[in-house]
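Enquirer: Let me give you the structure first, and then I'll get to my questions.
The values are calculated or read from the model by the stated rules, or taken from the named source; none is laboratory data. The shown structure was predicted, so the numbers you read here are calculated from the model rather than taken from an experiment. Glycine also receives a Cβ, built like all others from the backbone with ideal geometry; neighbour counts cover every protein chain displayed. Areas reflect the complete protein model, heavy atoms only, side chains present, ligands, DNA and RNA absent. Shrake-Rupley method; radii C 1.70, N 1.55, O 1.52, S 1.80 Å.
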Amino acid sequence: MEPIIQVNNVTKEFKVLNRSEGLKGSIKDLFSHDYKIVRAVDNVSMDIGQGEIVGYLGPNGAGKSTTIKMMTGVLKPTSGSIICNGVVPYDKRTLNAQNIGVVFGQRSQLWWALPAIESFNILKDIYLVEDKDYKDMLELYSTLVDMDSIMHKPVRQMSLGQRTLCDILASFLHNPPVVFLDEPTIGLDVAMKAKIRELVKMLNKEKNTTVILTTHDMGDVDALCERIVIIDKGKKIYDNDIEHLTGLFGAYRTLSVSLSKNKEILTKEELEQMETSVSNLLREQWPDVDMPVSIEDNEIQILVNEAFTGVVKVINAVQDKYKVYDMHITEISTESVIRKIYDGSKIVK
Amino acid sequence: METSDMSMKTASKRRGLRYYFNIYFRIIAQDIKSKLSYRSDFIISLIGMILTDAVEILSFWLVFQNFPSVKGWNFYEMLFLYGFTLVASTPAQCMFDNNWNLRLVVYSGDFIKYCFRPVNLFFYFMSEIFDIKGVGKLFVGLSCIVYSWNKLALPVNFKSLVLLIFGFVFASLIVIAILNLASSACFFIMNSFFVLSLSNTLRGYARYPITIFSGALKFVFTFIAPIAFMAYYPSMAVLRPDNVPVLTWFTPVFGIVFFYISYKVWMKGALSYNGTGN
């Protein structure tokens, strides 16, 4: 199937004035032509299919919002090309706008003074939504959220959560093939986050809408995305499904063991002593394998790479030497995988 | 792809004037409705606006108690010009008032939210606010004009009425153009408030006959910042029908050209601003 969004070798450069320091410097800058080129997005390519939910991740300043601006037609790439629904967004911004919905967390696009339903009615006219489609959409919405409590309240009086909810509903109103959600759950409480995620998921399923989600909340990613794209310093460093991501580091398991009947009363010294002796024990047994040992929550944590040693073998080794009162194994979370990628910032294929 | 063909079809049929009028009236109808719900706020600011204009007229009148005329212009003629600027400023005040907020939304980065709708960016931004208080200006302005018209014993005929109405239309384009240009300065420079207040000061000069200014200023106020077309030139067709300056007949040209330039500058600023935003 032909992808709905094609991003081909897109690069975006900005010209930035090299600023000198101090007052004298800023006066000098007024006449300076000393520009440097900053590459915000560096040769990024991706194809996105209809109905996908793609998590677009990266640390602050990685070039996420620049890419989104190019896909929504607000910015023109320095080189490369983008096609969204068969339209080149930056050449035909208004035409492209008909095919997309955009939500910026904390920046409501609804009319501040109007009740949400009035905003929706105006949007219906702006996007030329047919009466029947509009009615069906509102009906669908009312099965997904409690519309009565929010629709007749001016946007200005809404809580941040309600406002975000309305913004998301508004962005799907004209049934666009693609919706961009930029940090939709920022600043929301846990219950509201869950509600928003549920809503996005249902709308995506119901309307087969492609969703491009940028977020720093790994909860959003875990709940919604099948595929994630990570960019750092303008370069794409990861583009694959989420299982594959955990697979990259998924061989890692965290083994936590409690070596005392009552772990709460352990002193720091005792814990550190345990840490060292466990660490020594592991090094004796597997001299070639690096197994970081740490103290967490008064327990000894061992990060085991299953590609080299089985967790069970490690447990046995520890149990031979110590009495283990409690233990549990956890998979590495998406959050820590992403953190590892950001920290390492190495290219992962 | 099927979806894109469909949306292109709807997109091409929607661009008409009717579409824009419909959207505009829907938005402002809602806006006025919500504003009127704050009744006391609305009434107090309406009174404030009328008082501001009334006090200026009063000081005008006081000055003329001592000078019977300024360079051949008597009080009623000056009052006519003053009323003319007020009427010509009404569309800018009512429909383009959001220009005053542009600086703030650009600064906060909120401006980008206007870029995602399938409508003209300039239109969409301006449609957000309709300042109904501007009607106060219209009311005061028309009163001044009717009063001085009467006192000057100007003939009331079809020709002068038509000239007056056309004068209002094109003079208001100049007022809007200057406001657009001043507000779009925020796309290019950081602290642009002084440009906006400068434009207000300029508008203040528009109520004087251009003949009282010296040569250089006369040139600037005619061709560079054409405030002479906000009241003086279009009014001359009615005030001195026997002695109309040639430039009066160029009022439509100046109005349309300056409005067009201001629109282009505004749009260019808006789109280039997004390049560096965030």
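Enquirer: Collect the residues in segment A:295-344 that are among the polar types (S, T, N, Q) and either touching a residue at least 40 places away in the same chain (Cβ under 8 Å) or closer than 30 Å to A:Thr215 by Cα (or both), keeping them in residue-number order.
Expert: Of everything in segment A:295-344, those that are among the polar types (S, T, N, Q) and either touching a residue at least 40 places away in the same chain (Cβ under 8 Å) or closer than 30 Å to A:Thr215 by Cα (or both) turn out to be A:Asn298, A:Gln301, A:Asn305, A:Thr330, A:Ser333, A:Thr334, A:Ser336.
Enquirer: Go through segment A:197-215 and report how many residues are assigned to a helix (DSSP H, G or I) and open to solvent by 10 Å² or more (accessible area, probe 1.4 Å).
Expert: Adding up the residues that qualify gives 8.
Enquirer: Right, another one. Got a sec? Which of A:Lys124, A:Lys36 is open to solvent by 10 Å² or more (accessible area, probe 1.4 Å) and more than 25 Å from B:Ala270 (Cα to Cα)?
Expert: A:Lys124
Enquirer: Let me ask another. How many residues, within segment B:91-100, are surrounded by fewer than 22 Cβ atoms within 10 Å (Cβ to Cβ) and either under 24 Å from B:Asn22 (Cα atoms) or over 20 Å from the mean Cα position of the chain (by Cα) (or both)?
Expert: 5
Enquirer: Could you check segment B:18-46 and list, in sequence order, the residues that are within 11 Å of another protein chain (Cβ to nearest Cβ), within 16 Å of B:Asn120 (Cβ to Cβ) and among the charged types (D, E, K, R)?
Expert: Scanning segment B:18-46 gives a single hit, B:Arg26.
Enquirer: Looking at A:Thr67, A:Thr94 in this structure, which one is assigned to a helix (DSSP H, G or I), of a type in the set (Val, Ile, Thr) and under 22 Å from the mean Cα position of the chain (by Cα)?
Expert: From the options A:Thr67, A:Thr94, the qualifying one is A:Thr67.
Enquirer: Sort out which residues of segment A:159-182 are surrounded by fewer than 17 Cβ atoms within 10 Å (Cβ to Cβ) and among the hydroxyl-bearing types (Ser, Thr, Tyr), and write them in order of number.
Expert: If the condition is that a residue be surrounded by fewer than 17 Cβ atoms within 10 Å (Cβ to Cβ) and among the hydroxyl-bearing types (Ser, Thr, Tyr), then A:Ser159 is the only one that fits.
Enquirer: I've got another one for you. When the residues of segment B:222-235 are narrowed to those that are open to solvent by 10 Å² or more (accessible area, probe 1.4 Å) and outside any loop (DSSP other than H, G, I, E, B), which ends up nearest to B:Trp249 (Cα to Cα)?
Expert: Applying the filter and picking the extreme gives B:Tyr233.
Enquirer: Among all residue pairs at least 6 apart or on different chains, which show Cβ distances below 6 Å where the first residue, located in segment A:41-52, is of a type in the set (D, E, K, R) and the second is outside any strand (DSSP E or B)?
Expert: Every condition considered, the pairs that remain are A:Asp42/A:Gly234; A:Asp47/A:Pro3.
Enquirer: On to the next question. Hey, among the residues in segment A:183-196 that are open to solvent by 50 Å² or more (accessible area, probe 1.4 Å) and part of a loop (DSSP other than H, G, I, E, B), which one's nearest to A:Met147 (Cα to Cα)?
Expert: A:Asp189
Enquirer: Turning to a different aspect of this structure: Can A:Val337 be described as surrounded by 12 or more Cβ atoms within 10 Å (Cβ to Cβ), farther than 24 Å from A:Asp241 by Cβ and of a type outside the set (Gly, Ala, Ser)?
Expert: Criteria not met by A:Val337.
Enquirer: Got a sec? Which of B:Ser69, B:Ser108 is within 13 Å of chain A (Cβ to nearest Cβ) and open to solvent by 30 Å² or more (accessible area, probe 1.4 Å)?
Expert: Among B:Ser69, B:Ser108, only B:Ser108 is within 13 Å of chain A (Cβ to nearest Cβ) and open to solvent by 30 Å² or more (accessible area, probe 1.4 Å).
Enquirer: Further question on the same structure: Given the options B:Val169, B:Val175, name the one that is of a type in the set (A, V, I, L, M) and open to solvent by 10 Å² or more (accessible area, probe 1.4 Å).
Expert: B:Val169
Enquirer: Would you check if there is a residue in segment B:264-274 being out of contact with any Pro (no Cβ under 9 Å at 6 or more places or on another chain), away from every other protein chain (no Cβ under 14 Å) and of a type in the set (Val, Ile, Thr)?
Expert: Yes, segment B:264-274 has at least one match.
Enquirer: A further question follows. When you look at B:Glu77, is it among the acidic types (Asp, Glu) and open to solvent by less than 40 Å² (accessible area, probe 1.4 Å), yes or no?
Expert: yes
Residues are listed down the side, and each one gets a yes or a no for (1) surrounded by 23 or more Cβ atoms within 10 Å (Cβ to Cβ); (2) at the interface with chain B (Cβ under 7 Å from one of its Cβ atoms); (3) touching a Cys at 6+ places or on another chain (Cβ under 7 Å); (4) modelled with pLDDT of 90 or more:
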| site | (1), (2), (3), (4) |
| --- | --- |
| A:Ile68 | no, no, no, yes |
| A:Thr78 | no, no, no, yes |
| A:Ile83 | no, no, no, yes |
| A:Pro89 | yes, no, no, yes |
| A:Asn96 | yes, no, yes, yes |
| A:Val103 | yes, no, no, yes |
| A:Gln106 | no, no, no, no |
| A:Ile117 | no, no, no, yes |
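Enquirer: What's the total number of residues in segment A:1-20 that are open to solvent by 80 Å² or more (accessible area, probe 1.4 Å), more than 12 Å from chain B (Cβ to nearest Cβ) and at pLDDT below 70?
Expert: Number of matching residues: 1.
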